[in-house]
Amino acid sequence: MSSSEVYDLLIPLLEDCIGHFGKEESTTAKSFVHSFKSIHTNATHIRPVAVEFISQVVHKYDASPEVKANGYRSLLALLESLLHIIVAEVQIIYREKNKVFFRANRHSEKLRALAQNLHQMRALLGYAQILIGITEHGTLFAGEEESEDILHDCEIMAKSCFYSYVQGFQYYAGIQPVIQALSMFTASYNDITQHNSMWETTKSLFNSGKYVVSPSVRGKNIERIYSQAGTSFFKAMFALPEMGVGVLLPNLVGDTVRVNRIFNLPPLPFELETVNGDLVDIKRTSLVGSEKPVKARLISAALREGHNDAGSPSLPDTGLDKSRVFMKSAPKPKSKTLLFFLHGGGFISFTTKSYEVVLREWSNTLDCPIFSVDYSLAPDAPFPEAFEECFYAYAWALKNANFLGTTAEQVVFAGDSAGGNLVLSVAMRAAAYGIKRPDAVLAMYPASVVRNSASPARLLSVMDPILPLCMLSACMQAYTGFRTEEIAYNTENQRLQPTDGVLTGNNLENRSDIDSASSQNSVISTFLQDIGEGLRRLGPGTTQTESEQKSWWDEEVYKHESDSPNENASNVTGFFDGVKKKVSAIFTTQSTPQASSDYWDGEFDLASLDSEDEAISSDTNSTREGSSTNTTRVRNIGSGTSDEASPHFKVKLANNFVPLKSQFFGRRMKVHHTALVKNPYISPGLAPDEMLATLPHVDLVGCEFDPLFDDSVTVAKRLHEIGHGHKFHVVRGQPHGFLSLQMCKETREASKMCLGLLKDQILGSDR
C-alpha cells in the first residue's frame, strides 16, 4: 500500500468513526472522538509535507545512486509504519464497536497514544522540512548553531507516547518484546536505586509489575528517567550484567574457546617498523595518567604457538570456564590473521566482557585470534584517552603479535557504535604514522559525527528506546568532555608535558555529569557481587594472590562507586568558556601533514571541514527551490524564557503548530561550538578527503531507524564521492546496538550478516 493509498483509506475511515461515536455522550466516546479528530487533523497536514515535499527531494541525500538510504527516507518509512498501525487500530474499533465484549477503555487509551504519536511525528517532519531548507549540497547535518534550537525543542517534547503502547513499532515484531522488556527493566532499576533500605527495595521490585500491566505508566516513567538521568545512571545500569553472576554467563552460554586472557599492556615507549622500513616511536600518550596500563582481552578458539610464551603480559580469565577442558593438546601454528575489535557503549559503558559471547562465536567461525581493547571510559577519561589507548594497543599488537598467536600478516578491524568510530579513527592514525594499515574495516552503526548537530536521523532519538536523545547527548558530551589541562608548546610548536591542571579520575569538579539517580544501589551491587564471588570459588583453584584475584571488571564496578555526585550545570558553561579559546587555538593550528605528527599538532586544516557540512542559507526564513511554502523557520535564540522549570519551544513551525510539551524538563542541551568536536579523529565522518582515502576497504553497516544512521550515510556518501572502495549495508527493522541484543531471531540474523562480512574480508572475496 503506497503512502497516498494509506491516507485515502484512513481519512474516510476516521470520518465514519467520528460520525458514529459523536452521537454518544459517554466519556469514552468523547475520548474516541477527540483522538479521531486529532489524527484526522494531523494526517491532513502531514500528507503534503511528507508526500509532496520531503519524498520529492530525498534522493539528493542518498548514500549513493546504488544505495538509496538516508535519514529522510527513514523518517518517511517510520511515518508509514505508524500510519499502518493507526489504520489497523481504527479498523478494529470500527469493526468491533457494537460488540458486547468491545474493550472500549483499552482501545481508547491506545488510540490516544497513537494520536499523540502522530502529533509528535508532525513536529519531527516539520523540523526535517526546516533542515532541508537550511542545509545545502545534499548534506544531512545542519551546523551546530542552526541545530541548537531544534535540539532544544526536541528535548522538551513529550515522549511518553512513544514508550507506551507502540514502543519499538519501527522494528521487526520479534524485537519489540525485547525492547519492551529492556524498558521495564530500566524503569524498575530506577525505582530500586531510589531506596537504600532492603524493605523499600523489595517493595519496588514487587511494584515493578505495574510497568507490564500499564504501558502508559511505563511510558511516563521512562520519559522522566530519560529527561533527568545522566551518564552515571546509564553507566551503572549497563554495568549490571557484568556484576556477580553476570561475569559467568559467557562461560556458560558462549562457545568454547581455548584462550581467554586479560592483557595489561605496559605503558612503555617502543619503536615500530613502518611499511617503508623506517622506525617510528610509539608512546603511551595520556592526559589522565600515562602510567596506567592499557587493558585488553585475547580470545582464541584454538591454542596456538606463542600463546604460552614467557613474557606475555597476560593472565587467564577467571570463573567457570569451559575453555579449560582439553588443555594438554598441542598448540596449532600461528594464524596469519588477527581480528582487532573495539566494543561499543557510547564511550561511557560496556567492556570486552559485554561482547565476549559474540567474540567467542566469531573466533570459532573465523578460526583466528581476536584482540579487543578495554579502553578507558568517559567522562572519567574523555577524548583522546580511548583513542590513544586503542592506537597504542594496535601498535603493541603489531610489535608483539607472537604473544597473540598470529603473524599479523592480515589484520581486520571491527567495531560497533563507539567502537565503529574508534576503528575508523585508529585506521587513519595508522596510515598517518606509516605503520601497517588494517587490510579491511567493518564499522557497524558507527558514531562518526560526534557532536550535537541536527539531522533527520538524529530526530529519531526523540522516540528511540535504545538511544534516546538525552543518552545520545550525554555520551557525546562525555567523550568530548570539558578538560581542565593546559597543553604547553615550545617555539617549534612541539607539544610538551601537560601542566599541573591535568584532570584525573578523582578530580571531577568541572565535569557536567548531572544525574538525578544514584550511580549504584549498594543493596543490589553487594548482593550480586556476593553471589558472583561464591560461584567463582566453585571454579578451578588458582595460585594467584589476593590482589591478582581482583579481576579488571571488578575494578570497573568499584570505579562507578566513586562517580562524582550531581554537579551544578551553571558552573560548566563558565568553565568551558575559559578553556574554549585555548583548546580552539590548539586544534585550529594549520601546518603540513606529517606521518608521525599528532592530531593536536595542526595535522589538518580544521577551518575547511565544514565548508559543505555547515553551509547555511543566507536567509533563514527562505525556502529552497521547489519547497513547500510552509517551510518557514523563525530563530528565537535569546527570546526563550529564563525560567528553567518551563522552557518554551523556540522553533516556529508551519501553521503555528506546537508539539506536545513534556512535563519533565531535563538538562538544557549543550552544543559544543568548538573545533574540538570537528577533529577528524573524534569525528571521522568530518575527516578531510585525504585522510578518508587512506582507509582500506570499508564495510559500513547502518540501521535504518538508528539515530546514528546519518553518521553511516555521511561516511558512505563521502567514500563514494572520492571513489574509495567500500560497501554500505543497510539493515532494516533493527535497533541500534543489535550486536549486543541477540535475544531474538532477527537480531541474531543481523549479527550473522556481520560475521559473513568478516568472512569475506578475511578470505579476500567479494571485493
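Selection of the stretch 168-191 for residues being outside any helix (DSSP H, G or I) and of a type outside the set (Ser, Thr, Tyr) yields Gly168, Phe169, Gln170, Ala173, Gly174, Ile175. Of the residues that make up the stretch 675-683, is at least one closer than 22 Å to Val426 by Cα and surrounded by fewer than 20 Cβ atoms within 10 Å (Cβ to Cβ)? Scanning the stretch 675-683, I find at least one residue that is closer than 22 Å to Val426 by Cα and surrounded by fewer than 20 Cβ atoms within 10 Å (Cβ to Cβ), so the answer is yes. Only one entry of Lys745, Lys727 meets the criterion of being surrounded by fewer than 23 Cβ atoms within 10 Å (Cβ to Cβ) and at pLDDT 95 or above, and that entry is Lys727. Scanning the stretch 235-275 for residues that are in contact with a His (Cβ under 8 Å, 6 or more places away or on another chain) and among the small types (Gly, Ala, Ser) yields Ala236, Ala239.
Checking each residue in the stretch 357-392 for being among the polar types (S, T, N, Q) and touching a Lys or Arg at 6+ places or on another chain (Cβ under 6 Å) picks out only Ser372. Restricted to the stretch 342-388, and to residues there that are of a type in the set (A, V, I, L, M, F, W, C) and assigned to a strand (DSSP E or B), the residue that is farthest from Gln761 (Cα to Cα) is Val373. In the stretch 150-167, the qualifying residues are those that are charged (D, E, K, R) and touching a Gly at 6+ places or on another chain (Cβ under 9 Å), and the one that is surrounded by the fewest Cβ atoms within 10 Å (Cβ to Cβ) is Glu155. Restricting attention to the stretch 333-381, and to residues there that are aromatic (Phe, Trp, Tyr) and under 17 Å from Ala302 (Cβ atoms), which single residue is surrounded by the most Cβ atoms within 10 Å (Cβ to Cβ)? The qualifying residue surrounded by the most Cβ atoms within 10 Å (Cβ to Cβ) is Phe371.
Note on the stretch 299-332: among residues that are surrounded by 11 or more Cβ atoms within 10 Å (Cβ to Cβ) and among the β-branched types (Val, Ile, Thr), the one that is modelled with the highest pLDDT is Ile299.
Would you confirm, using the coordinates I've provided, whether Leu469 is open to solvent by 10 Å² or more (accessible area, probe 1.4 Å) and touching a Cys at 6+ places or on another chain (Cβ under 7 Å)? Yes; evaluated as a whole, the condition is true for this residue. Being over 22 Å from Asp464 (Cα atoms), of a type in the set (Val, Ile, Thr) and open to solvent by less than 30 Å² (accessible area, probe 1.4 Å) is a condition met by at least one residue of the stretch 31-43. For the stretch 112-148, filtered to residues that are outside any helix (DSSP H, G or I) and among the hydroxyl-bearing types (Ser, Thr, Tyr), the residue that is nearest to Thr44 (Cα to Cα) is Thr135. May I ask you to verify whether Ser740 is open to solvent by less than 40 Å² (accessible area, probe 1.4 Å), in contact (Cβ under 8 Å) with a residue 60 or more places away in the chain and either at positive phi or hydroxyl-bearing (Ser, Thr, Tyr) (or both)? No; evaluated as a whole, the condition is false for this residue. If only residues of the stretch 168-178 that are in contact (Cβ under 8 Å) with a residue 24 or more places away in the chain and under 21 Å from Arg106 (Cβ atoms) are counted, the one that is least open to solvent (accessible area, probe 1.4 Å) is Gly168. Only a single item in (1) closer than 13 Å to Phe162 by Cα; (2) at pLDDT 95 or above is not met by Gly71, and it is number (1).
In the stretch 117-142, the residues that are over 18 Å from Ala69 (Cα atoms) form Cβ pairs under 6 Å with partners that are assigned to a helix (DSSP H, G or I) and charged (D, E, K, R), at six or more places apart or across chains, as follows: Ile134/Glu146.
The number of residues in the stretch 63-111 that are of a type outside the set (Gly, Ala, Ser), open to solvent by 10 Å² or more (accessible area, probe 1.4 Å) and not in a helix (DSSP H, G or I) comes to 11. Here Ile130 passes the criteria (1) among the β-branched types (Val, Ile, Thr); (2) farther than 13 Å from Val651 by Cα; (3) in contact with a Lys or Arg (Cβ under 6 Å, 6 or more places away or on another chain) except the one numbered (2).
The values are calculated or read from the model by the stated rules, or taken from the named source; none is laboratory data. No experiment lies behind these values; they were computed from the predicted model shown. With ideal geometry, Cβ positions are generated from the backbone for all residues, glycine too; neighbour counts draw on all protein chains shown. Surface accessibility is based on the protein's heavy atoms, side chains included, excluding ligands, DNA and RNA. Shrake-Rupley method; radii C 1.70, N 1.55, O 1.52, S 1.80 Å.
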